[in-house]
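Here's the structure we're looking at; comments come further down.
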Amino acid sequence: MSQPLTLSLLNQLPFDAFVAVLGGIFEHSPWVAERTAALRPFHSVAELAAVMAGEVEKAGYGAQMALIRAHPELAGKAAIRGELTAESSNEQAGAGLDQCSPEEFARLTELNDAYRSKFGFPFILAVRGYDRAGIMREFARRLQLGVEEERRECLEQIYRIGRLRLEALLPESVSV
C-alpha cells in the first residue's frame, strides 16, 4: 500500500508526477499545475492554493477566459451525459444537483441559458455549503452583475474550488 499524500511528499515529486496529482485541481487546466511545479516547496495548503491562483492571475485574460470556459454548467448538459470530471460530479452531487425535481431542473436550465447568453461563459460556483435553492438565488443575484465583475467572481469561485480540492487531497496538511 502506498503512503498517503502529504505536502512534503508532493514537494518532492518529479515534475510529471506533480502535474499528474494536481492537474485536475483546476478543471481541464493542467497548465496551472505545470506552472506551479517550479515554485516548490510549499509550506501549507493555503500557500499552494494561493500560488496556483497567482499563476492564473499572471497568465492573463485569454488563459483566464479559457479556464472559466473549461468549467461545466451546474446541472447542465455535461452532467446529464455523465461527462463531468469526478471532482465536479462529487461537488454537484454534494449540493443535491443530481436530485433536482423536473421543475428545479427546468429552472436551472433557464438560469444557465440566461447566464451564458449574458456573459458568454458558464456560471461557476463553489457549491459546498449551498443547497439547490441557494444556488438558484446566487444565480439570480449574479445575473445582475456586469460582465467584468462577473468574470472576476468566476475566478474567485474557481480559486475557492481549487482550495477545497487541495484541502480534500491533502487533509493532513491543512492547518486548522
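The values are calculated or read from the model by the stated rules, or taken from the named source; none is laboratory data. As the structure is a computational prediction, the values presented were derived from the model and not from experiment. Virtual Cβ from ideal backbone geometry, glycine too; neighbours counted across all protein chains shown.
Check whether at least one residue in the range 1-10 is over 26 Å from Gly62 (Cβ atoms), surrounded by fewer than 19 Cβ atoms within 10 Å (Cβ to Cβ) and β-branched (Val, Ile, Thr), and report yes or no.
Taking every residue of the range 1-10 in turn, at least one turns out to be over 26 Å from Gly62 (Cβ atoms), surrounded by fewer than 19 Cβ atoms within 10 Å (Cβ to Cβ) and β-branched (Val, Ile, Thr).
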Practice problem: State all residues of the range 79-90 that are at pLDDT below 65 and acidic (Asp, Glu); if no residue qualifies, say none. | Solution: Glu83
